[in-house]
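The values are calculated or read from the model by the stated rules, or taken from the named source; none is laboratory data. Given the structure is predicted, the values throughout are model-derived calculations rather than measurements. Here Cβ is always computed from backbone atoms with ideal geometry, including for glycine, and neighbour counts include all displayed protein chains.
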Amino acid sequence: MIDWSKTITAEARAEADRAAVREAIRLRRDRAIDAGTSFAGMPIGTDDKTQTRIMGAAVAAMLDPAYSVDWKLATGAFVTLTGPQVIAAAQVIRAHVQACFDREAELLAEMAAGRPVAPNEGWPG
């Protein structure tokens with residue numbers, strides 16, 4: 001006797017395929033976020049730890065107009081940033097991260113509309 005309860009329907013397979021694409025998009029978003037960006041021609045990190053650190057430095061810069069910091073760039077070199085530069089760098093990093101989430105939202109909307117998506121294309125970088 002065949003146990004039909006274990007049969008995978010076309011609908012279930014399609015949902016599993018969509019879930020796999022959503023996961024691929026999420027993973028690609030995270031790679032794009034971590035890839036870094038540039039500020040005033042300097043490569044800066046954008047990973048979670050760097051985001052936390054630059055936001056802390058930005059708060060310090062907002063509290064103390066004379067604040068400056070020796071910031072380590074993505075290359076490993078240090079550069080002195082003034083308070084306004086720290087705030088500007090934090091804004092650049094935040095814009096990069098938001099652009100990655102915006103791209104994810106675009107891809108998911110395309111998927112929801114039934115259109116094919118290319119999970120590895122169109123990311124900020």
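With the requirement that a residue be outside any helix (DSSP H, G or I), over 16 Å from the mean Cα position of the chain (by Cα) and either modelled with pLDDT of 95 or more or hydrophobic (A, V, I, L, M, F, W, C) (or both), what does the stretch 1-35 give you? Hits for the stretch 1-35 are 1, 2, 8.
Restricting attention to the stretch 22-40, the residues that are touching an Asp or Glu at 6+ places or on another chain (Cβ under 6 Å) and in contact (Cβ under 8 Å) with a residue 60 or more places away in the chain total 2.
Does residue 85 satisfy the condition of being surrounded by 16 or more Cβ atoms within 10 Å (Cβ to Cβ) and modelled with pLDDT of 95 or more? Judged against the criteria, residue 85 is a match.
Among the residues making up the stretch 27-54, those that are of a type in the set (A, V, I, L, M, F, W, C) and surrounded by 14 or more Cβ atoms within 10 Å (Cβ to Cβ) are 32, 33, 35, 39, 42, 44, 54. Among the residues that make up the stretch 97-107, is at least one of them over 14 Å from residue 32 (Cβ atoms) and surrounded by 14 or more Cβ atoms within 10 Å (Cβ to Cβ)? There is no residue in the stretch 97-107 that is over 14 Å from residue 32 (Cβ atoms) and surrounded by 14 or more Cβ atoms within 10 Å (Cβ to Cβ). Just so you know, in the stretch 50-98 the residues that are farther than 19 Å from residue 124 by Cβ and among the charged types (D, E, K, R) include one that is nearest to the chain's Cα centre (by Cα), and it is 53.
Restricting attention to the stretch 108-125, the residues that are outside any helix (DSSP H, G or I), surrounded by fewer than 12 Cβ atoms within 10 Å (Cβ to Cβ) and without any contact (Cβ under 8 Å) to a residue 24 or more places away in the chain add up to 6.
For residue 75, are the conditions met, namely being touching an Asp or Glu at 6+ places or on another chain (Cβ under 7 Å) and exposed (fewer than 13 other Cβ atoms within 10 Å of the Cβ)? Answer is no for this residue. Within the stretch 10-21, residues that are closer than 16 Å to residue 117 by Cβ reach partners that are assigned to a helix (DSSP H, G or I) with beta carbons closer than 7 Å, at six or more positions or on different chains, in the pairs 18/111; 21/111.
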